[in-house]
Number of protein chains: 2
Amino acid sequence: MSTTGQQVTTTLGADGKLTVAVGNREWADPTGTEVLVKIEAAPINPSDLALLFGMADLAGAEYSPGKLVADMPAPAVKAMAGRKGQTLDVGAEGAGTVIAAGDDPYAQSLIGKRVACRSGAMYATHTLTDSRACIPLPDHITAEQGAGAFVNPLTALGFVETMRAEGFTGIVHTAAASNLGQMLVRLGATEGIPLVNIVRSDEQVDILKAIGAEHVVDSSKEDFVPKLVAAIEATGAMLGFDAIGGGTMASTIMGAMEQVGSKGAEYSRYGSNVQKKVYIYGALDLGPIVLNRGALGFAWDVSGWLLIPFLAKQGVEGQMRLAGKVIQGLTTTFASHYKAKIGLEEMLTKDVAMAYNAKATGEKYLVAP
Amino acid sequence: MSTTGQQVTTTLGADGKLTVAVGNREWADPTGTEVLVKIEAAPINPSDLALLFGMADLAGAEYSPGKLVADMPAPAVKAMAGRKGQTLDVGAEGAGTVIAAGDDPYAQSLIGKRVACRSGAMYATHTLTDSRACIPLPDHITAEQGAGAFVNPLTALGFVETMRAEGFTGIVHTAAASNLGQMLVRLGATEGIPLVNIVRSDEQVDILKAIGAEHVVDSSKEDFVPKLVAAIEATGAMLGFDAIGGGTMASTIMGAMEQVGSKGAEYSRYGSNVQKKVYIYGALDLGPIVLNRGALGFAWDVSGWLLIPFLAKQGVEGQMRLAGKVIQGLTTTFASHYKAKIGLEEMLTKDVAMAYNAKATGEKYLVAP
């Protein structure tokens with residue numbers, strides 16, 4: 001016996017063309033600790049989009065029912081040479097109901113339960129995943145509320161845990177009006193963590209002020225740097241998490257930290273001894289990262305940050321503790337708001353695909369197969 | 001009673017002009033743990049030059065006996081605003097004879113002894129420093145041999161200690177034919193540490209091959225990147241120390257590490273899990289650091305590295321252990337070779353100043369007041 005349904009996959013062809021399509025698929029019966037989940041809702045996160053579309057030209061793509069074929073810029077094809085010819089699953093997280101399970105007692109105990117889970121293959125009617133990658137949802141939590149229980153909530157918690165582990169006492173966050181950024185503002189308020197939120201429009205300032213953010217700085221304004229310096233001084237935040245990556249944002253943040261760190265200190269050609277660090281966790285700008293080191297002194301650090309290795313370091317117990325925090329806060333701290341629910345075929349129509357691929361603030365989409 | 005002599009100082013005027021001059025100076029008698037050292041030899045290190053001249057225009061400067069006055073580019077003046085109007089001592093290390101000491105028994109025990117010491121004011125006939133910043137030299141070590149006992153040897157040892165502390169097992173080093181780079185090659189050989197040496201000319205390849213370096217890669221050649229990848233694969237070196245800073249070298253090194261790290265692995269849009277790190281410890285290129293992150297995956301880190309904070313972290317015991325290693329190796333692993341000895345007034349003549357400020361490979365200068 002097996003289960004049939006549909007799934008979205010993404011394939012970079014040998015010719016450099018990207019094909020994203022809904023296709024029929026069959027899932028084998030779960031064995032051992034596996035469960036088969038009937039998916040009800042799966043969010044589209046920026047990290048999913050990097051795999052689903054990458055830098056493909058969606059405006060110029062050919063669309064047919066349940067399928068799009070798009071050109072990919074040559075440098076992107078080169079950078080993704082490793083996936084050429086492979087048909088890849090996509091969709092990191094979602095929620096649904098367990099309809100079958102392997103022999104394992106924990107897996108069996110989930111049958112009939114609504115769960116949040118991660119599998120890397122969530123844009124589908126079903127997914128086969130390990131029961132330990134699933135969290136049972138309380139009865140009052142809907143699939144829509146539970147669908148985004150992993151990526152953003154654990155990333156926000158990961159920022160806070162990383163801050164504490166490395167001895168910092170405040171965080172500077174960019175693209176701070178994002179779904180994740182809003183969670184971080186609410187989490188910062190409950191955990192007493194000073195935050196400097198960097199956004200790039202008046203509307204985004206308003207979004208964050210409305211949910212209680214204290215320090216919001218607009219990078220599109222002329223007084224951005226002095227305001228950033230003032231906010232860093234007020235919060236003591238010497239650790240940044242940057243969603244942008246390309247360009248000079250990480251450098252600007254550390255330069256502002258150094259201005260605060262060296263204030264009133266005796267001149268040293270090496271700059272202050274205050275340790276400044278920015279983790280780059282996103283790629284809103286895929287261009288090169290540019291560091292104007294003359295403004296940084298020597299006590300600086302820029303590094304990549306990624307959720308999965310962070311979770312791996314926490315061990316099973318640490319992950320359970322974090323998952324518990326998420327479940328408790330799913331309708332408050334970690335609530336997500338979606339602009340629209342879309343079906344699998346609808347995902348691959350031009351207007352819809354271009355809308356969610358724009359990653360506009362406050363316009364997060366939910367796939368409901 | 002006090003001691004009189006001469007000292008070189010560097011002053012960035014309110015007008016943005018840099019004045020470097022030899023002047024008369026008086027030293028108070030040492031008290032407590034202090035010693036007064038009659039200086040016999042002090043090397044000119046790149047880090048000394050950053051303070052002595054910075055980016056000043058030495059070619060267009062005005063020279064008079066014992067003095068030069070040079071224009072400084074506006075961005076450099078801005079970056080060094082903190083030192084404006086201050087007359088600064090310069091010269092990090094040197095060797096000489098202790099001629100007076102405070103009451104402290106250890107300080108007293110050094111009277112008449114030849115010592116290596118650091119004080120930050122070594123381009124002078126005398127220096128007043130703490131006895132704990134001095135190491136007595138064995139009888140068979142000359143002042144010239146002991147003059148460079150701190151900066152380069154401790155930096156080379158610092159690279160190795162940092163590598164071990166962070167769990168790496170090999171080092172990629174740039175500007176590797178430098179005095180420091182040659183020490184690192186010899187230290188790597190005695191300590192069994194795989195090294196990838198990056199240089200930029202055939203002559204520099206020859207210098208390192210002649211002292212036994214195994215992996216030497218020339219960045220001026222077309223096949224630089226494939227050769228770098230091959231050397232990293234052969235050594236497993238996933239930690240870099242970069243003297244250059246500006247430009248794309250750190251990025252190129254981590255990109256090559258990532259090529260090795262992801263070899264044969266299943267495609268992941270996040271890149272490999274292999275942690276790659278480059279410490280930037282020098283500033284041969286003062287321009288922006290440019291990271292082409294598309295080639296780096298997510299497990300990367302770029303950070304500043306500086307000797308003084310490294311030493312501070314080692315504590316007194318760790319510093320003693322490292323100093324002992326240096327003294328043992330002063331005529332072998334940690335030997336320096338100087339192109340010429342120059343006097344204090346000679347330091348500030350046009351030809352000589354431009355020669356040592358060029359920081360040419362194999363052309364290190366020693367000040368002999």
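The values are calculated or read from the model by the stated rules, or taken from the named source; none is laboratory data. Remember, it's a predicted structure, so these values are computed and weren't measured experimentally. Here the Cβ positions follow ideal geometry from the backbone for every residue, glycine too, while neighbour counts run over all protein chains shown. Heavy atoms of the whole protein, side chains included, go into the accessibility calculation; ligands, DNA and RNA do not. Shrake-Rupley method; radii C 1.70, N 1.55, O 1.52, S 1.80 Å.
Annotations for the structure displayed:
- Residues with amide H under 5 Å from that of A:HIS126, placed H, sequence gap 5 or more: A:GLN6, A:ILE39
- The C-alpha radius of gyration of the range A:151-308, expressed as a fraction of 2.2 N^0.38 Å, stands at 0.96.
- Shape call, the range A:6-97: gyration tensor on alpha carbons, a/c limit 1.5: prolate
- Cut-off 9 Å between beta-carbons: net charge of the residues surrounding A:LEU239, Lys and Arg +1, Asp and Glu -1: +1
- Heavy-atom accessible area order for A:HIS173, B:HIS215, A:HIS140, largest first, 1.4 Å probe: A:HIS140, B:HIS215, A:HIS173
- Area buried, chain A against chain B - accessible surface, total, 1.4 angstrom probe, square angstrom: 2900
- The portion of the accessible surface of the range A:1-117 made up by carbon and sulfur, rounded to a whole percent, is 53 (1.4 Å probe; DNA, RNA and ligands excluded).
- Within the listed set A:ILE308, A:ILE289, A:ILE253, the Gaussian network model of chain A (springs between alpha-carbon atoms below 10 Å) gives the highest mean-square fluctuation for A:ILE308.
- Between helix B:307-328 and chain B: long-axis angle, C-alpha atoms, 0 to 90°, nearest 10: 80
- Gap separating the Cα centres of the range B:145-202 and the range A:113-160, nearest whole Å: 48
- Selected from A:MET183, A:GLY245, A:GLY297, residue furthest toward positive end of dipole (the range A:151-308; charges at beta carbon): A:GLY297
- Helical runs assigned H by DSSP (4 residues or longer) give chain A a calculated mean residue ellipticity at 222 nm of -9000 deg cm²/dmol, each run adding -39500 (n - 2.57) before division by the residue total.
- Cα shape, the range B:107-237, gyration tensor, a/c 1.5 rule: prolate
- Kirkwood hydrodynamic radius of the protein assembly as shown, from inverse mean 1/r over distinct Cα pairs, in Å: 28.7
- Listed residues A:LEU58, A:TYR365, B:ALA147: farthest to the positive end of the dipole of the protein assembly as shown (Cβ charges): B:ALA147
- Dipole of the range B:151-308, positive direction: furthest Cα of B:SER272, B:ALA283, B:THR169, with charges on the beta-carbon: B:SER272
- Couplings 3J(HN,Hα) of the range B:288-301, computed from phi: x, 7, 10, 10, 8, 4, x, 8, 9, x, 10, 8, 9, 7 Hz, in residue order, whole Hz [Karplus 6.51 cos²θ - 1.76 cosθ + 1.60, θ = phi - 60°; x for Gly and Pro].
- What chain A shows is 41 Å² of accessible area per residue, with the surface traced by a 1.4 Å probe over protein heavy atoms.
- Contact residues in the range B:243-278 (at least 40 Å² less accessible area with all protein chains than alone, 1.4 Å probe): B:TYR267, B:ARG269, B:TYR270.
- Loop-located GluC sites (Glu not before Pro) in the range A:200-235, at most 16 other Cβ atoms within 10 Å (DSSP): A:GLU214, A:GLU222
- Result for chain B in a Gaussian network model with C-alpha springs under 10 Å: among B:GLY112, B:GLY60, B:GLY236, the largest mean-square fluctuation is at B:GLY60.
- Neighbours of A:MET122 by Cβ distance under 9 Å: Lys/Arg scored +1, Asp/Glu scored -1, total -2.
- From the alpha carbon centroid of the range A:58-96 to that of the range A:300-369 is 19 Å.
- Charged-residue dipole, Cβ positions (Lys, Arg, Asp, Glu), chain B about Cα centre, Debye nearest 20: 400
- Under the convention that each Lys and Arg Cβ holds +1 and each Asp and Glu Cβ holds -1, the size of the dipole of the range A:151-308 around its Cα centre is about 260 debye.
- Relative contact order (%) - the range A:151-308, alpha-carbon pairs under 8 angstrom, separation at least six: 21
- Net charge contributed by nearby residues that have their C-beta within less than 14 Å of A:GLY54 (K/R +1, D/E -1): +3
- Pairwise label distance in nanometres, A:ILE99 with B:THR331, each label 7 Å out on the Cα-Cβ vector: 8.4
- Between B:LYS67 and B:TYR267, the modelled labels are 7.0 nm apart [label points 7 Å from Cα along Cα→Cβ].
- Note on A:THR169 and A:ALA81: the model spin-label points, each 7 Å out from Cα along the C-beta direction, lie 4.9 nm apart.
- Relative contact order of chain A, pairs being alpha-carbon contacts under 8 Å that are 6 or more residues apart, as %: 18
- Here the Karplus curve 6.51 cos²θ - 1.76 cosθ + 1.60, taken at θ = phi - 60°, turns the phi angles of the range B:171-179 into couplings of 10, 9, 10, 9, 6, 6, 8, 5, 3 Hz, with x standing for Gly and Pro.
- When chain A is treated as a GNM with alpha-carbon contacts under 10 Å, the residue of A:ALA312, A:ALA243, A:ALA323 showing the greatest mean-square fluctuation is A:ALA312.
- Rounded to the nearest Hz, the phi-derived 3J(HN,Hα) couplings of the range A:357-369 under the Karplus curve 6.51 cos²θ - 1.76 cosθ + 1.60 (θ = phi - 60°) are 6, 6, 6, 5, 4, x, 10, 8, 10, 10, 8, 10, x, where x marks glycine and proline.
- Carbon/sulfur fraction of accessible area - the range B:151-308, other protein chains in place, 1.4 Å, %: 53
- Efficiency of FRET between A:ALA14 and A:LYS341 - r from beta-carbon atoms, R0 25 angstrom, step 0.05: 0.10
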